[in-house]
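Enquirer: Let me give you the structure first, and then I'll get to my questions.
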Amino acid sequence: MKEMRTFSPEETIELGANVAKELREGDLVALVGDLGTGKTVFVKGLAKGLGVEDYLHVNSPSFVVLKEYPGVKKLYHFDVYRLEEKSFCDTLDYEKYFYGDGITVVEWAEKIRDVLPEDYLEIDIFHGYSTERKFEFRSNNGRFADLIDKLL
């Protein structure tokens, strides 16, 4: 586990952009954190790093569950806050995205941990003072561990 802190939404976006530049098609990023910790702001950064033209317009797909964004690499953005694992599995052909040709990011990933791929990058996000956020990067995979070392 490695940790990093940001002190503004702009720094969080830049952190996300830097992470995105190291991701490959088929990678999954699992975001974990309470409401308001900056998960969606981080996804804006991923979108920026993936070449999504209107990355600042990325918003949480809380009610639609999934949004797709075209860029240099496709971004599949899930928000499973309102779902339980069974309803998530019954509602979507999620494997098409989890093992597809884009980068997948899942907000509230802890709710569907049992259906996540074996290898993924987990980022736990915590509130700090005011606009400060703490990011804890975890991986059980050598490639993602190398990615974390390279970034931090």
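Quick note: the coordinates plus some simple rules give every number you see, no bench work behind them. Quick caveat, the model's predicted, so the values are computed rather than measured. Every residue, glycine as well, gets a Cβ built from its backbone with ideal geometry; the counts of neighbours run over all protein chains shown.
Enquirer: Within region 36-63, which residues have the backbone N less than 14 Å from the label spot 7 Å out from residue 90 along Cα→beta-carbon, could you tell me?
Expert: Within reach of a label on residue 90: no residues.
Enquirer: May I ask you to sort 60, 8 by Cβ crowding, counting other Cβ atoms within 10 Å and putting the fewest first?
Expert: Fewest-to-most Cβ neighbours within 10 Å comes out as 8, 60.
Enquirer: Identify which of 115, 29, 43 has the largest mean-square fluctuation in a Gaussian network model of the chain, with springs joining Cα atoms closer than 10 Å.
Expert: It is 115.
Enquirer: Could you calculate the contour length gain from residue 126 to residue 8, that is, 0.36 nm times the residue separation minus the distance between their Cα atoms, to one decimal place in nm?
Expert: So the chain would gain 41.2 nm between residue 126 and residue 8.
Enquirer: Where the centroid of each part is defined by its Cα atoms, how far is region 69-145 from region 1-26 in Å?
Expert: 14 Å
Enquirer: Just flag the trypsin sites (Lys or Arg not before Pro) in region 43-133 sitting in loop per DSSP whose Cβ has no more than 14 other Cβ atoms within 10 Å.
Expert: Here the sparse-neighbourhood loop sites are 82.
Enquirer: May I pose another question? If each residue's Cβ is checked for other Cβ atoms within 10 Å, how do 107, 95 rank with the fewest at the top?
Expert: Arranged by neighbour count, lowest to highest, 107, 95 become 95, 107.
Enquirer: Find, among the chymotrypsin sites (Phe, Trp or Tyr not before Pro) in region 12-99, those assigned to loop by DSSP (not H, G, I, E, B) with at most 16 other beta-carbon atoms within 10 angstrom.
Expert: 63, 81, 99
Enquirer: Across region 74-82, in residue order, what do the Karplus-derived ³J(HN,Hα) couplings come to in whole Hz, using 6.51 cos²θ - 1.76 cosθ + 1.60 with θ = phi - 60° and x for Gly and Pro?
Expert: Karplus-based 3J(HN,Hα) across region 74-82 equals 5, 10, 10, 10, 9, 10, 10, 3, 8 Hz.
Enquirer: I need to check one value: relative contact order of region 2-151, counting alpha carbon pairs closer than 8 Å and at least 6 residues apart, in percent.
Expert: RCO, region 2-151: 32 percent.
Enquirer: Do the sum for the chain: with -39,500 (n - 2.57) for every DSSP H run of n ≥ 4, divided by all residues, what is the mean residue ellipticity at 222 nm, to the nearest 500 deg cm²/dmol?
Expert: Theoretical 222 nm ellipticity from helices: -8000 deg cm²/dmol.
Enquirer: In percent, what relative contact order does region 4-62 have, based on Cα pairs under 8 Å that are 6 or more apart in sequence?
Expert: 41 percent
Enquirer: Which option, (1) -0.44, -0.50, -0.61, -0.80; (2) -0.24, -0.30, -0.43, -0.70; (3) -0.51, -0.57, -0.66, -0.78, is the value of log10 I(q)/I(0) by the Debye sum over Cα atoms at q = 0.09, 0.10, 0.12, 0.15 Å⁻¹ that was calculated from these coordinates?
Expert: (2)
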